[in-house]
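The values are calculated or read from the model by the stated rules, or taken from the named source; none is laboratory data. Note that the structure is predicted; figures quoted are calculated from it, not measured. Glycine gets a Cβ as well: all are built from the backbone with ideal geometry, and neighbour counts include every protein chain shown. Keep in mind that these areas ignore ligands, DNA and RNA; they rest on the heavy atoms of the full protein, side chains included. Shrake-Rupley method; radii C 1.70, N 1.55, O 1.52, S 1.80 Å.
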2 protein chains.
Amino acid sequence: MAEETSPRGPERRRGDALLRAIHEAALAELAEVGLGQLSMEGIARRAATAKTVLYRRWSTPHELLVDALHQAHPVEVPTPSADDLRTDLVAALKLLTDWMGTPAAGAVLAVMTERHRYPELAEALYSRVFDPRGGTFTSTVLRHYANAGTLDPRRLTPIVTQIGEALVFKLTLDLNRLPTDEELVAIVDEALLPALGFPLG
Amino acid sequence: MAEETSPRGPERRRGDALLRAIHEAALAELAEVGLGQLSMEGIARRAATAKTVLYRRWSTPHELLVDALHQAHPVEVPTPSADDLRTDLVAALKLLTDWMGTPAAGAVLAVMTERHRYPELAEALYSRVFDPRGGTFTSTVLRHYANAGTLDPRRLTPIVTQIGEALVFKLTLDLNRLPTDEELVAIVDEALLPALGFPLG
DNA sequence: CTCATAAGCTACGGATCCGTATCTAACTGG
DNA sequence: CCAGTTAGATACGGATCCGTAGCTTATGAG
């Protein structure tokens, strides 16, 4: 484990560098202990700073967390590239699973699954982090091909646009690991494309 | 809120009655405070008993929780009744959403979503609660119709058998409420049946 | 009716987190 | 290079939960 810069000597972080370290520590702490155990004390310990530094900026761990997510959020958006619906759908799901491997994703999922317990937190996450962006992942691709005429727009019901994401989440939960590329292809071929009106073989 | 039996006087619970009260309190406590905050103190408070009573039977809140789930678990199993795949699938999903309204379901979901944090708990839940039962809900129905010849068994891939449950979970998460009957029908018509090889219209 | 069992109470020392206050010393802008 | 800012360290009283101990008393089996 390499230390940053010089191994010893008082090297004091300030401003953005400190902020980023705190944000990172918050997400890591959340991933490890969970939303219910997230504490200023824990975040400060992990960020190797003092509680006072945190309380100068935030009143609660939740406020801190929202900032951390806001900062970490720029997520890659699928850009339908090929003129191939199937390939683009698989690519969109791959983007999703890539994102799900990040610390920020764990944090977002934790907030979502415990939203009935911390409603203000979920609301803050929506209004400050998600709302700025449109629909996610597969729906971006689906709208593109619907506009291009490849797809009957009437097929794009609220249910159908969720099939890909829903199965990725379910598989991740069941298998306790991210889906493989083969499984993503299976999701597209066996579930998504049939629902879009392209029966297999 | 009516008190049980006589309003006053020392009426001391024993044996099964006490046990059931504790199990119930554990699930309620979990639903309210979350897995990370589940404590003997909290369960005892909610069950209106003393911590000592709990420690006489269990060493940790997690052990107590597994017992509570074990006791609460007998879940209704879909019995394909009509000779109508569509109707039976909708009925199976209805059973699922009914179950999801129970306290036990909240507990199970909490354990599953935090399984990386408490692996022993998830494992205990599998070996002591789930394993005794076969596949759940839609897969029961699907196997029935595959055996009856209505359905091509090759369609029943690991992905396809998860579509219904996956969408119910996703919708519940997104909408922050259980799916309506209409939404269940939409899941069957727009996602499940097409994937099983029955294109719409 | 008697008596063993177990529920229910109270209290404890230890640990952790809370939120705040106080002081120091390292940075940095001017 | 000096002064203002702010990171960092320490300590605090209060709160909560931990796990255990000692005791009282309701309950049910014989």
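Structure summary
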| item | result |
| --- | --- |
| Output for the range B:151-163, where each listed residue is assigned to a helix (DSSP H, G or I) and open to solvent by 50 Å² or more (accessible area, probe 1.4 Å) | B:P153, B:R154, B:R155 |
| Residue check for B:A186: within 29 Å of B:L30 (Cα to Cα) and either in contact with a Gly (Cβ under 6 Å, 6 or more places away or on another chain) or of a type in the set (A, V, I, L, M) (or both) | no |
| From A:L171, A:L178, residue being outside the structural domain of A:A68 (by TED's automatic domain parsing) and open to solvent by less than 20 Å² (accessible area, probe 1.4 Å) | A:L171 |
| Hey, B:T140 of a type in the set (V, I, T), more than 25 Å from B:A25 (Cα to Cα) and either in the same structural domain as B:E182 (by TED's automatic domain parsing) or open to solvent by less than 70 Å² (accessible area, probe 1.4 Å) (or both) or not | yes |
| Leading residue by the ranking (nearest to A:L30 (Cα to Cα)) among those in the range A:54-108 that are open to solvent by 70 Å² or more (accessible area, probe 1.4 Å) and in a loop (DSSP other than H, G, I, E, B) | A:S59 |
| Tally of residues being part of a helix (DSSP H, G or I), within 11 Å of chain A (Cβ to nearest Cβ) and open to solvent by 40 Å² or more (accessible area, probe 1.4 Å) across the range B:109-122 | 3 |
| Answer from A:A186, A:A191, A:A166, A:A148 - the residue that is surrounded by 23 or more Cβ atoms within 10 Å (Cβ to Cβ), among the small types (G, A, S) and more than 19 Å from the chain's Cα centre (by Cα) | A:A191 |
| Cross-chain or 6+ apart pairs with Cβ under 9 Å, the range B:47-59 first and near DNA strand C (Cβ under 7 Å from one of its atoms), then β-branched (V, I, T) | B:T49/B:I22; B:T49/B:I43; B:K51/B:I43; B:V53/B:I22 |
| Out of A:H62, A:H73, sole residue that is within 14 Å of DNA strand C (Cβ to nearest atom) and under 22 Å from B:D174 (Cβ atoms) | A:H62 |
| Only listed residue being in contact with a helix residue (DSSP H, G or I) (Cβ under 7 Å, 6 or more places away or on another chain) and closer than 29 Å to A:G36 by Cα, chosen from A:V90, A:V77, A:V66 | A:V66 |
| B:R45, sole failed condition from (1) part of a helix (DSSP H, G or I); (2) farther than 21 Å from A:L35 by Cβ; (3) in contact with a Leu (Cβ under 7 Å, 6 or more places away or on another chain) | (3) |
| Selection from the range B:18-60 of residues that are within 7 Å of DNA strand D (Cβ to nearest atom) and within 14 Å of chain A (Cβ to nearest Cβ) | B:S39, B:G42 |
| Residue check for A:K51: over 27 Å from B:A28 (Cβ atoms) and under 14 Å from the mean Cα position of the chain (by Cα) | no |
| Residue in the range B:27-39 that is touching a His at 6+ places or on another chain (Cβ under 6 Å) and in contact (Cβ under 8 Å) with a residue 40 or more places away in the chain present | no |
| Those residues of the range A:172-200 which are facing chain B (nearest Cβ under 7 Å) and part of a helix (DSSP H, G or I), in sequence order | A:L173, A:A186, A:I187, A:E190, A:A191, A:P194, A:A195 |
